[in-house]
Amino acid sequence: MHIIFTKFAQYNSTMTTSNRVRWVFDCGNWFPSESDWSKVSRSIQLEEKERIGRFVFKRDAKRSIIGQLMIRKFLSEATHLPWSQIKTKRDLNNKPIIEGFNLNFNVSHDGNYVVLAGEENISVGIDIMKNCYKGGKSLNEFFRLMHRNFHLKEWAYINKGTDMKKTSSFYRFWCLKESYVKATGTGLTIDLKNICFVPQNELKKHSILNDTKLFINDKLMSDWSFHEYLYDDYIITVCIKGSITPVNFKLITFQDLISNAEMITEEDENYCKLFLNKEEQP
């Protein structure tokens, strides 16, 4: 089944807040000043700030800190708690959670985009991949190394058509698998080739697919749904426990993200200077 949308909708803070959110942020158009970086780095928990400070390149630090801002904004709006009272921790699978509320959220990033999916009372996972092979090996060698992670039926689907078609199919299946293991919290520790996705339709630009089926050890898992988006050169997949209507992503700006942010740690001028002195990317 296809649900048509024309483009990412624009986030609108005046609309009634829902605990079902899909947000996307374009890091490719964000070039934070020292003042910007100071504000955002003081608006997240200290342990996350320290983790982000260890990134070698600006690109990775920017995507990670935007993900943290998205999480805090979602939780603040969903719980109606002030930003300064939001406290997350990581569970045994290193997944961020908030105690006292049955809110589920997940972030992912690739290329310029950072995405968040948030739900209440429903397990959710998300993954995004830019539809462009960027590995150092030949595509054939890459596929030779990766095919062990796919069911034979999946690999037969992937290994058809032109190199461009094969690459697109590979990233589609990878997003499906990644979103599922993120929703379940198991991570990539399970045997991925026992997970078999069976698409019913091809992805189409500016539409949402929600009819791909999941089999585990050849058993249909009808209690999981997958909402697949193809936007420009990006594949986005949201995994949901249960059957629920897909929603469109909203494009959120930097000003949207920090509109209700509060600075919760001390000023750290050296932290900002270290960020500004980093290279943008490899």
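The values are calculated or read from the model by the stated rules, or taken from the named source; none is laboratory data. Bear in mind that the values here come from a model prediction, so they are computed numbers and not experimental data. All Cβ positions, glycine included, derive from the backbone under ideal geometry; neighbour counts span all protein chains shown. Areas reflect the complete protein model, heavy atoms only, side chains present, ligands, DNA and RNA absent. Shrake-Rupley method; radii C 1.70, N 1.55, O 1.52, S 1.80 Å.
Data overview
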{"quantity": "Charge dipole magnitude, Cβ of K and R +1, D and E -1 - the chain, Cα centre, debye nearest 20", "calculated": "800"}
{"quantity": "DSSP-loop GluC sites (Glu not before Pro) across the range 81-135, with at most 12 other Cβ within 10 angstrom", "calculated": "Glu99"}
{"quantity": "The range 228-254 residues near the modelled Ser222 label - backbone nitrogen below 18 Å, point 7 Å along Cα→Cβ", "calculated": "240-245"}
{"quantity": "Low-density loop cleavage sites - trypsin sites (Lys or Arg not before Pro) in the range 114-162, where at most 13 other Cβ are within 10 Å (DSSP)", "calculated": "Lys134, Lys137, Lys160"}
{"quantity": "Under 12 Å, Cβ to Cβ, from Glu202 - net charge with Lys/Arg +1 and Asp/Glu -1", "calculated": "+3"}
{"quantity": "Cα lying deepest toward the dipole's positive end in the chain, options Ile98, Phe55, Met221, charges on Cβ", "calculated": "Met221"}
{"quantity": "Kirkwood Rh and Cα Rg combined as Rg/Rh, the range 21-76", "calculated": "0.94"}
{"quantity": "Computed [θ] at 222 nm, deg cm²/dmol, the chain (DSSP H ≥ 4; -39,500 (n - 2.57); rounded to nearest 500)", "calculated": "-9500 deg cm²/dmol"}
{"quantity": "Ranking by accessible area, most exposed first, for Ser35, Ser169 with a 1.4 Å probe", "calculated": "Ser35, Ser169"}
{"quantity": "Using θ = phi - 60° and Karplus 6.51 cos²θ - 1.76 cosθ + 1.60, couplings along the range 116-121 (whole Hz; Gly, Pro as x)", "calculated": "9, 10, x, 9, 10, 6"}
{"quantity": "Under 5 Å, built H, 5+ apart or other chain: amide partners of Ile208", "calculated": "Ile3, Ile4, Phe5"}
{"quantity": "The chain, relative contact order in percent, only Cα pairs under 8 angstrom and at least six apart counted", "calculated": "29"}
{"quantity": "For the range 94-106, 3J(HN,Hα) per residue [Karplus equation, 6.51 cos²θ - 1.76 cosθ + 1.60, θ = phi - 60°, Hz, x = Gly/Pro]", "calculated": "6, 8, x, 9, 10, 7, x, 9, 8, 10, 10, 8, 7"}
{"quantity": "Within-15-Å neighbourhood charge of Phe275 [Cβ basis; K, R +1; D, E -1]", "calculated": "+1"}
{"quantity": "Dipole magnitude (debye, nearest 20) for the range 84-202, charges at Cβ of Lys, Arg, Asp, Glu", "calculated": "420"}
{"quantity": "Amide H within-cut-off set for Ser123, under 5 Å, with H built and near neighbours excluded", "calculated": "Lys241"}
{"quantity": "Accessible surface of the chain [probe 1.4 Å, protein heavy atoms]: carbon and sulfur percent", "calculated": "50"}
{"quantity": "Where the range 193-271 is the region considered: accessible area per residue in Å², 1.4 Å probe", "calculated": "49"}
